1. Please go through (1) small (G, A, S); (2) at pLDDT 90 or above; (3) closer than 24 Å to A174 by Cβ for G134 and return the number of the only condition it doesn't satisfy.
2. Looking only at region 137-187, which residues are under 18 Å from L82 (Cβ atoms), among the aliphatic types (A, V, I, L, M) and touching a strand residue (DSSP E or B) at 6+ places or on another chain (Cβ under 6 Å)?
3. Which numbered condition trips up A219, out of (1) modelled with pLDDT of 90 or more; (2) in contact with a Lys or Arg (Cβ under 9 Å, 6 or more places away or on another chain); (3) under 23 Å from A106 (Cβ atoms)?
4. Within region 92-120, track down each residue that is among the hydroxyl-bearing types (S, T, Y) and either open to solvent by 80 Å² or more (accessible area, probe 1.4 Å) or within 11 Å of L215 (Cβ to Cβ) (or both).
5. Can you tell which of A239, A214, A259 is surrounded by fewer than 18 Cβ atoms within 10 Å (Cβ to Cβ), assigned to a helix (DSSP H, G or I) and not acidic (D, E)?
6. Looking at region 217-236 only, could you name the residues that are among the small types (G, A, S) and crowded, with 21+ Cβ neighbours inside 10 Å?
7. Working only within region 47-66, note down all residues that are free of Cβ contacts under 8 Å to residues at least 24 places away in the same chain and either in contact with a strand residue (DSSP E or B) (Cβ under 8 Å, 6 or more places away or on another chain) or outside any helix (DSSP H, G or I) (or both).
8. May I ask you to list pairs of residues, at least six apart or on different chains, whose Cβ atoms are under 7 Å apart, with the first in region 67-88 being under 21 Å from L215 (Cβ atoms) and polar (S, T, N, Q) and the second being open to solvent by 10 Å² or more (accessible area, probe 1.4 Å) and part of a helix (DSSP H, G or I)?
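The values are calculated or read from the model by the stated rules, or taken from the named source; none is laboratory data. In this text, all values refer to a predicted model and were calculated from it rather than measured experimentally. Here the Cβ positions follow ideal geometry from the backbone for every residue, glycine too, while neighbour counts run over all protein chains shown. The area values use the complete protein model at the heavy-atom level, side chains included, leaving out ligands, DNA and RNA. Shrake-Rupley method; radii C 1.70, N 1.55, O 1.52, S 1.80 Å.
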Amino acid sequence: MIPPISTRSGHDAAVRRLTDLSRQLADVQQQISTGRKVVRPGDDPVAFARAATLKRADASADVQRRAMDAAGSRLSASETALASIADIMARAKELALAGRNASLNAADRTILANEVGELLSAARGLAEARGPDGEALFAGAGLSPSYGEDSEGLAAWAGLGTSPRVAVQGRTLAAGITGPEAFGVTAPLPPPDPMAAPDPLRPPPPRARNLFDALAHLAASLTEARPALFEAGMDEALAAIDGHIDRLAAAQATLGTRAARLEAEAERLDKAQLQLKSEVSKLEDTDMAAAIARLDRLGVVLDAAQASFARVSRLSLWDELR
């Protein structure tokens, strides 16, 4: 005996087929309109999870890139300030050499000393320069001012710690330079010899001086009337200025090296982020050519299925007898 064939089950299967085709067609249309084929985990769990991992890596790279941009701006501002101070020291050396000329009188040297005083004021102003973030460039981790006055009335570093650091290839790089690194440190005065009688005509022993102290010492030496103290003071001032010119050149080279490392790391990071975005795009973005071809194919299949369903649905014995 042949079992009866249920027309209802065939009808339901056809309806499910049409519904599935319509859903697929709507999905492809949405992918084309939005440009994305993976929006929810259900669209493709593996691709969605992989894209989420890549996006987190890209977000982390964005944070590092912003930190590196800030560090690069700070380094650039520091280089600019040091270049200006280097020009000041070059001019100070010219004035020191001119001041040693025996043909100059006291009035001439006073004029030179006044110009050195102006150079000192300009250098102190540049030492308080701020970066784009508003932080003092030469105060290390401290706040402005970078320099204050010590008990002797000399410029003394008022900063704290070291310059801010930025991560570069698993290590940290100083995003600047501190005042002592750039301008040196003044050594304390040697203790007086209790056995020696003070001699006003005997020059004090030379000592290490920071850049600002060296300029102040040059200005004082230019106005010194006692020949022995004048000669000793000018010799010490010239030696200090030469030392600071060399120190500034080394500091500028250090900043330039750090800036070059940051630039190289930024270029590497940009390439890595471009690769990350490309991988995310492959996972999430719609391949328009393939999607349009699939849309056309699904449309043809759906039209055929709908026509077949309509034809089968209206079949009856009376239709055949006609």
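1. Looking at each condition in turn, G134 falls short on (2).
2. If we filter region 137-187 for residues that are under 18 Å from L82 (Cβ atoms), which is where we start, we get 137-140, 144-147, 155, 157, 159, 162-164, 173-185.
So of that shortlist, the ones also among the aliphatic types (A, V, I, L, M) come out as 137, 139, 155, 173-175, 177, 182, 185.
Selection gives A155, L173, A174, A175.
3. Result: A219 passes all but (2).
4. The first filter runs over region 92-120 and keeps only residues among the hydroxyl-bearing types (S, T, Y), leaving 103, 110.
Passing the criteria: only S103.
5. Working: A214 fails: surrounded by fewer than 18 Cβ atoms within 10 Å (Cβ to Cβ); A259 fails: surrounded by fewer than 18 Cβ atoms within 10 Å (Cβ to Cβ).
Being surrounded by fewer than 18 Cβ atoms within 10 Å (Cβ to Cβ), assigned to a helix (DSSP H, G or I) and not acidic (D, E) holds for just one of A239, A214, A259, which is A239.
6. Step one: list which residues in region 217-236 are among the small types (G, A, S), which gives 219-221, 225, 228, 232-233.
If the condition is that a residue be among the small types (G, A, S) and crowded, with 21+ Cβ neighbours inside 10 Å, then A219, S221, G233 are the ones that fit.
7. Once the filter is applied, which keeps residues that are free of Cβ contacts under 8 Å to residues at least 24 places away in the same chain and either in contact with a strand residue (DSSP E or B) (Cβ under 8 Å, 6 or more places away or on another chain) or outside any helix (DSSP H, G or I) (or both), region 47-66 yields nothing.
8. S84/L126
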